[in-house]
Amino acid sequence: MNPCAGGGAEPARGLAGAAYAAAMTRRAAVAAMSAVTLLLLGWSLGARVGDEPDRAPTVGADAATTTKATDLLRSGTAFIDQTSFRVDADIASQVTTVAHADNINKRADTTISALGRVVEIRMIDDEVYLKTDMDLPGVGHEWMRLDPARVPADFAVSFAPGRNDPGGSARLINAIVTARADGPHVTGTIDLTRVGAGTGINFRAGPDGFPDGARSNAFSATLDADGRLVSFAIPAANGMPDATLRYSDFGAPVSVARPQGAVAAPDALYPQLGLGG
């Protein structure tokens, strides 16, 4: 599928320069979707103010209440280093990702679908394999074996603590402005301009920058009976798209096969990885 249909598109120029216009509102707010971000296991949309919905309601909370709620969310992500899990993410029904990770046994796979194209990544121990049907300059469509020493730091595929969550939950939690916990439910506001780049959900400014309301967008999160974070939802508002992140299948086996016939990634690939590509 082409999520930018109807908004006009500019031809892709590899991972570092692919950007498409989309009619996110009646006035065709710009949505910049970078193929770079796809390879960061992320999703990226930037928007400018148009006929967007009214500003989402905010949740008032003092500093102590917010700290207590965010600490609850942080403790809810401890499973990332303790057990296997699945991540499902969606942004504006345009980009979807399914990932399975077992950081203890160093196994992970990720499939990202967007712009009518697919990126697949497999990780086994210190090996990283990638396959894409994107037409990247100098890069084929077969399975490629990457040299970890040549992978940019912001490509962020790793089993190392702090870099091993395909959902990127820490960046979302760190961008929270206000929060209040009501049992297993946490609601509040998040500054989408502070989410930054990395694995998981990304929000990037459009040509006119971020809408003012992006700095206090509503969010909601849910913990399961064992205190694990199972959902983080950001509703569409203030000219920004909706995004959802879900964790499930805790403890399920993660089996990842080495691709048969994988070739060494060409030199042309590495400059096209990461946001600095």
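All conditions but one from (1) among the hydrophobic types (A, V, I, L, M, F, W, C); (2) touching a helix residue (DSSP H, G or I) at 6+ places or on another chain (Cβ under 7 Å); (3) in a loop (DSSP other than H, G, I, E, B) apply to Val254; the one that does not is (2). Ala179 fulfils the conditions (1) surrounded by fewer than 21 Cβ atoms within 10 Å (Cβ to Cβ); (2) closer than 20 Å to Arg74 by Cβ; (3) more than 21 Å from the chain's Cα centre (by Cα) except for a single criterion, (1).
Here Ser248 clears all of (1) more than 30 Å from Gly206 (Cβ to Cβ); (2) hydroxyl-bearing (Ser, Thr, Tyr); (3) in contact with a Ser or Thr (Cβ under 9 Å, 6 or more places away or on another chain) except the condition numbered (3).
Is it the case that segment 121-137 has a residue that's at pLDDT below 95, open to solvent by 20 Å² or more (accessible area, probe 1.4 Å) and of a type in the set (A, V, I, L, M, F, W, C)? Checking segment 121-137: not a single residue is at pLDDT below 95, open to solvent by 20 Å² or more (accessible area, probe 1.4 Å) and of a type in the set (A, V, I, L, M, F, W, C).
Counting only residues that are within 18 Å of Pro166 (Cα to Cα) and modelled with pLDDT of 95 or more, segment 196-221 holds 1 of them.
The residue that is nearest to Phe159 (Cα to Cα), counting only those in segment 182-226 that are of a type in the set (Ser, Thr, Tyr) and open to solvent by 10 Å² or more (accessible area, probe 1.4 Å), is Thr199.
Here is a yes/no grid of residues against (1) crowded, with 16+ Cβ neighbours inside 10 Å; (2) closer than 13 Å to Ala89 by Cα; (3) of a type outside the set (D, E, K, R); (4) touching a residue at least 24 places away in the same chain (Cβ under 8 Å):
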{"site": "Arg228", "(1), (2), (3), (4)": "yes, no, no, yes"}
{"site": "Ala236", "(1), (2), (3), (4)": "yes, no, yes, yes"}
{"site": "Tyr247", "(1), (2), (3), (4)": "yes, yes, yes, yes"}
{"site": "Pro253", "(1), (2), (3), (4)": "no, no, yes, yes"}
{"site": "Val256", "(1), (2), (3), (4)": "yes, no, yes, yes"}
{"site": "Gly261", "(1), (2), (3), (4)": "no, no, yes, yes"}
{"site": "Pro266", "(1), (2), (3), (4)": "no, no, yes, yes"}
{"site": "Leu269", "(1), (2), (3), (4)": "yes, no, yes, yes"}
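In this entry, Ala108 passes the filter for residues that are under 18 Å from Trp143 (Cβ atoms), buried (at least 20 other Cβ atoms within 10 Å of the Cβ) and in contact (Cβ under 8 Å) with a residue 60 or more places away in the chain.
Just wondering, is there one or more residues in segment 228-245 that are farther than 24 Å from Ala69 by Cβ and aliphatic (A, V, I, L, M)? No, that holds for no residue. Counting residues in segment 94-103 that are assigned to a loop (DSSP other than H, G, I, E, B), modelled with pLDDT of 95 or more and buried (at least 18 other Cβ atoms within 10 Å of the Cβ) gives one or more. For residues that are under 16 Å from the mean Cα position of the chain (by Cα), in a loop (DSSP other than H, G, I, E, B) and in contact (Cβ under 8 Å) with a residue 60 or more places away in the chain, tally how many sit in segment 146-176. Residues in segment 146-176 being under 16 Å from the mean Cα position of the chain (by Cα), in a loop (DSSP other than H, G, I, E, B) and in contact (Cβ under 8 Å) with a residue 60 or more places away in the chain: 7 in total.
The values are calculated or read from the model by the stated rules, or taken from the named source; none is laboratory data. The model shown is predicted, which means the values in this text are computed figures rather than measured ones. Ideal geometry is used to build each Cβ from the backbone, glycine not excepted, and the neighbour counts take in all protein chains shown. In case anyone asks, the SASA skips ligands and DNA or RNA and just uses the protein heavy atoms, side chains included. Shrake-Rupley method; radii C 1.70, N 1.55, O 1.52, S 1.80 Å.
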